[in-house]
Amino acid sequence: MTTVVYQIEGGDFEHGGEASRRLKEQLKRLGADPAVVRRAMIAAYEAEMNVVIHAVRGELRASLQNGQLDIEVSDTGPGIPDIAAALREGFSTASARARELGFGAGMGLPNIRRNSDEFAIESTAGQGTRVRFSIRLRPQTLYGTGRHGLTIEADRCRRSLRCVHACPTHAVRVLGRRPEILDYLCIDCTACVAVCPTGTLTTRGTRAGLPAGEDAVVVVPAALLVQFGSGIAPAQVRAALAALLGGEAAAPSARVWVLEAWEAALRAGVRHYAETAAALPVISPACPAAVNLIETRYPALIPHVAPLAPAVEAVRAALAGQRAVFVVTCPSQRTALLGDAAGGPPLVDVLLPAAVQAALAPHLPAAAARPAVGGTVPPPPDADLLRVTGLPHLLHLFDEIEGRRVRDVRVVEPWACAEGCFGSPLLREEPCLARHRWETAPLPADGAARAVPRVRPLAPRPGLRLDADMGKAIQKLARIDTLRRELPGADCGECGAPTCAALAEDIVLGRAAAGACVRQRPQEKAP
Amino acid sequence: MTLAELAARIGARVYTPGGAAAVDVGRVWAGDRISDLLNEAVDNVLLVSNLASTHLIRVAELMDVPGICLVAGREPDADMLAAARAHGTLLMSSPYGLFETCGRLYQCLSAEAPTVR
């Protein structure tokens, strides 16, 4: 199936559902996963019946590409005057006739949204409505975003098991010889990368070296400019980097963009939003990993997150249409830049700091004997903004906010790494020192920097589904519970799962062997 | 318990014997809103509803539901009957109302339910 199109007649209740039925036949012929077919059918049937109930005529267009099923149902009809209301469960404008037939429960659009991975609706009153939704075909995407920016170099693993304990969402297992990441739990932070003694867990660039001689903008984090010891100011590093890139004799500030300026613009945007925000404190979306953590472990805090995009996404939008290479300090930035929802080819390249540092080092001027304090005056500390860095602190603070015990803060800016991106494990310099060096000699602000709205709305992650079938899922849950009670409860992690409860789940789901516990004596082990 | 057995036990009239009669039913879901039924429709469920329309058969067809039970002695019209036959859905009608039908079905299924472990 490349694309199939089926016509839908408004008001034709007799044949309503016919387009969905034909789509189902196509999907079955293609051997699609039954769970995918199920979700597709709920969403497609609801969308089709919406046309039958409300519109004059319409069509259902489905295509299968890039591992996902995209469905678009468009119609000519009255349109939806208030989309927000239409998306509310229980809201319906269906006719009495439709209601008699069991429709018009006000669950159509919510049902479509719930059963799809991406959902969009646009409508013009008096003209028509277009609903688009996508369902990913890989089964694991049922359980989460299905993507993260980590790379596993499996042959390096010596089973130190540090990653298993470090992960804040219990997403890492080392049940066999190599670590595994559970996509639906991974928040793309650097906790496992930071503790891995062998470099097994890391992230990768899409290119190996600087785009020297190419007409490309290089975007660097401030932290990269303070990695070269004392006495070398960020401005000097940026000038050296621009010179290394060569090409036209443009100003360093045009060839090398510094992310920090865009983070400052985002900060201003978040402050502005906080003036009228309903849910306080407002949480800044500055760090993509922190936002992922909220979606995964603190869904109640989603309304607190300002509806703006992280700085890397704002820069990417500003550089649309140009060649751009981003030096990233963590997997979450990588995913934010490359993991485009549309699934097309990556728009930008990412590069790891190590490659830049190695290339730059020989070209830097000799360090000055006296500290290189820049001419720019550092900004005063932010009184109305609480910056919190490092995962343990984030977890505590989010607990506090969730418990409504933080009433004296207007804006929170959480960063998963210690000292923000200065503490990335992909950088070498001591985080506090690096940050100090930046703050005493920052580069002047970039006038072009601005904050942009977030494209994808935040949503709680679905977490683990034990089984697509609710009945089987309940049985599995009961088995997990029984097994958890039989395990010692020491949470030692020696088996490669972070806790005994996690191991029980792994065993029932077939990820771990029944006798995986190293503490249980053989006679106690379940048969 | 198979659909045929369930129908016999609760005293429902079966309109479309055949294919799905031997399907083992694990659960029952009752409701009069298509969206609700859609969400609960799986391949081992018996849907119970007051809605005697072809849309119910459509839901069964799209979601692989083996059986549908109408209530209060409601009779399917010719269209519904034809759709159920065409798709091989077992269509039955219980003489009791929604509540009592569900009660009887519950008794049948809970008597044989395995202890969840």
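Derivation of every value follows stated rules applied to the coordinates shown; laboratory data play no part. Only a predicted model underlies this, so the values are computations on that prediction, with no experimental measurement involved. Don't worry about glycine lacking a Cβ; one is built from the backbone with ideal geometry, like all the others, and counts go over all protein chains shown.
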Taking a label point 7 Å from the Cα of A:Asp382 along Cα-to-Cβ, the residues of region A:237-281 whose backbone nitrogen sits under 19 Å from it are A:258-281
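Output the relative contact order of chain B, whole-number percent, from Cα pairs under 8 angstrom with separation of 6+ residues.
30
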Diffusion constant of chain A at 4 °C, which comes from Stokes-Einstein with the Kirkwood Cα-pair radius and 1.567 mPa s, µm²/s: 50
Between the alpha carbon centres of region A:287-324 and region A:412-489 the gap in Å comes to 11
Provide Rg and Dmax in Å for region A:469-510, with only Cα atoms included in the calculation. 10.6, 33
By average Cβ neighbour count within 10 Å, what is the ranking of B:19-27, A:219-227 from highest down? A:219-227, B:19-27
I need the Debye-formula profile for region A:63-127: one equal scatterer per C-alpha, no solvent, reported as log10 I(q)/I(0) at q = 0.19, 0.21, 0.24 1/Å, two decimals. -0.87, -1.01, -1.18
Extension length gain for A:Arg57 and A:Ala300 (0.36 nm per residue less Cα distance), in nm, is 83.5 nm
Roughly what would the spin-label model give for B:Glu5 and A:Leu30, points 7 Å off Cα along C-beta, in nm? 3.9
Which order, highest average first, do B:53-64, A:485-496, B:85-96 follow once you tally other Cβ atoms within 10 Å for each residue and take the mean per peptide? B:53-64, B:85-96, A:485-496
Whole-Hz Karplus ³J(HN,Hα) for region A:361-367, in order, using 6.51 cos²θ - 1.76 cosθ + 1.60 and θ = phi - 60°, x for Gly and Pro? 3, x, 9, 7, x, 5, 5
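Calculate how large, on average over all directions, the projected area of the Cα convex hull of region A:195-293 is; give the answer in nm² to one decimal.
9.9
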Name the long-range amide H neighbours of A:Val305: under 5 Å, sequence gap of 5 or more, or other chain; modelled H, no Pro or chain starts. A:Ile283
Output field shielding_mean for B:40-46 (other chain Cβ, 10 Å radius) holds 3
Cα-based convex hull volume of region B:40-117 per residue, rounded to whole Å³: 93
Distance from the Cα centre of region B:51-65 to that of region B:88-108, in angstrom? 16
If we sort A:326-336, A:174-184 on the protection proxy, mean other Cβ atoms within 10 Å, highest first, what's the order? A:326-336, A:174-184
How well do other chains shield peptide B:57-65, expressed as the mean number of their Cβ atoms within 10 Å of each residue Cβ? 5
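For A:Ala513 and A:Ala445, what is the calculated FRET efficiency with R₀ set at 51 Å and r taken between the beta-carbons, to the nearest 0.05?
Details: r = 57 Å, r/R0 = 1.12.
In this case the efficiency is close to 0.35.
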At least 15 Å along the helix axis (C-alpha) and Kyte average at least 1.0, DSSP helices within chain A: A:234-245
Based on the Cβ-Cβ distance from A:Cys432 to A:Asp399, what FRET efficiency comes out when R0 is 30 Å, to the nearest 0.05? 0.75
Check which residues have an amide H placed less than 5 Å from A:Arg57's amide H, if you skip close sequence neighbours. A:Gly10, A:Thr76
For the pair A:Asp481 and B:Ser110, what calculated FRET efficiency results from E = 1/(1 + (r/R0)^6), where r is the Cβ-Cβ distance and R0 = 30 Å, to the nearest 0.05? 0.90
